[in-house]
Amino acid sequence: MAMIRNKSRHRLVAISLILPFVAIFALVFAYPVVEVVRMSFTDAPLIGDGDWVGLANYRRLLTDSLFYTSLVNNGYFVLLTVIPTTIIALMIALAVSRMSGRMQALALVLFFTPYVLPVSVVTQIWSWMLDFQFGVLQPVIEFFTGKPVPVFKNPFWVMPTVAVVTIWWTNGFNVLLFLAGLRNISEELYEAARLDGATRRQLFFQVTWPLLWPVTALVLTLQLILQLKIFDQIYLLSEGGPFNSSYVLLLMVYREAFQLNNGGYAAAISLVLFLLIVVISVLQFQILRIGGKNK
């Protein structure tokens with residue numbers, strides 16, 4: 001009897017610990033997701049009910065040229081950021097790991113400080129530095145191009161420039177992840193490899209890189225998810241222009257929902273983006289996992 005009471009008490013304690021999380025999860029995530037799915041099949045405005053239209057929003061999406069433009073721009077931005085930011089973060093982490101004491105602490109502060117800044121501050125800093133008339137970086141651009149360039153009003157320059165801003169802003173977190181991975185590699189492995197005559201290049205490709213692969217896969221997956229959701233920098237720096245050359249899917253959601261009051265259509269776009277992120281990130285993670293097993 002005492003054993004039954006103890007089991008009941010343990011079950012009640014477990015339920016009481018789990019219940020707050022389940023309630024918050026249902027309120028903050030599950031309910032909004034269900035509501036977005038429901039709204040995507042209606043012609044509802046942003047606030048209020050609408051009529052059931054079935055797949056009409058999705059059929060409209062398939063014939064919307066702006067949707068395909070936004071999709072291409074999202075893919076282009078992913079190419080500009082995901083792999084480059086991973087490589088840069090790895091190189092910085094390798095350099096910082098060779099430092100010690102105050103020099104290492106100073107380097108970590110310098111590289112991580114941008115990450116704690118709000119996006120509005122980051123975009124303001126870069127807007128000032130790249131200003132067409134007074135930007136401190138315009139002489140550098142002029143050195144390579146022969147003339148100043150309004151980078152956020154030029155279709156060729158706008159997405160690469162936003163990618164540079166994004167890498168500068170977010171790379172500090174990736175550096176910390178790589179440093180954590182590097183510190184988990186035993187020094188004894190390096191000593192054994194050196195005794196066998198391994199060069200620095202061989203140490204990296206035969207010891208560091210294989211053991212760091214799980215962290216690399218994590219960074220690549222996180223970056224893919226984050227960059228597919230790009231919105232803030234684009235909205236604040238270029239507003240999707242010029243000529244829709246930096247228009248992305250979340251900017252399209254914002255326009256349809258908050259400017260045109262097409263809540264149902266915006267819900268359909270956001271649901272497509274959500275499914276796209278889930279499918280691509282799962283596929284990438286599985287490919288990286290298989291690649292890690294072959295190392």
Practice task
Two decimals is fine: what is log10 I(q)/I(0) at q = 0.08, 0.12 Å⁻¹ for the chain, from a Debye sum with one equal scatterer on every Cα and no solvent?
Solution key: -0.52, -0.99
Exercise for the section: Hydropathy first: keep DSSP H helices in the chain averaging at least -1.0 on Kyte-Doolittle, then drop any whose Cα extent along the axis falls short of 20 Å, and list what survives. Expected result: 2-25, 65-97, 101-116, 158-183, 209-228, 263-293
Practice task
Can you tell me the order of 182-194, 163-175 when each peptide is scored by its average per-residue count of other Cβ atoms within 10 angstrom, highest first?
Solution key: 163-175, 182-194
Handout entry: Computed lengthening from residue 21 to residue 231, 0.36 nm per intervening residue step minus Cα-Cα distance
Key = 72.7 nm
Handout entry: Simple spin-label estimate for residue 65 and residue 99 in nanometres, 7 Å along Cα-Cβ
Key = 5.1 nm
Exercise for the section: Quote the convex hull volume per residue of the range 209-271, based on C-alpha atoms, as a whole number of Å³. Expected result: 103 Å³
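Hey, can you find the accessible area per residue of the range 56-293 for me, probe 1.4 Å, expressed in square angstrom?
Heavy-atom accessible area per residue stands at 55 Å².
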Exercise for the section: Express the carbon and sulfur contribution to the solvent-accessible surface of the range 56-293 as a percent, rounded to the nearest whole number, probe 1.4 angstrom. Expected result: 68 percent
Practice task
Give the Cα extents of the range 112-154 along the principal axes, in whole Å, largest first.
Solution key: 35, 19, 16
Exercise for the section: Treating each Cα of the range 14-105 as an identical point scatterer and ignoring solvent, apply the Debye formula and state log10 I(q)/I(0) at q = 0.10 Å⁻¹. Expected result: -0.66
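The values are calculated or read from the model by the stated rules, or taken from the named source; none is laboratory data. Since this is a predicted model, take the numbers as computed values, not measurements. Backbone-built Cβ (ideal geometry, glycine too); neighbour counts: all protein chains shown. Areas reflect the complete protein model, heavy atoms only, side chains present, ligands, DNA and RNA absent. Shrake-Rupley method; radii C 1.70, N 1.55, O 1.52, S 1.80 Å.
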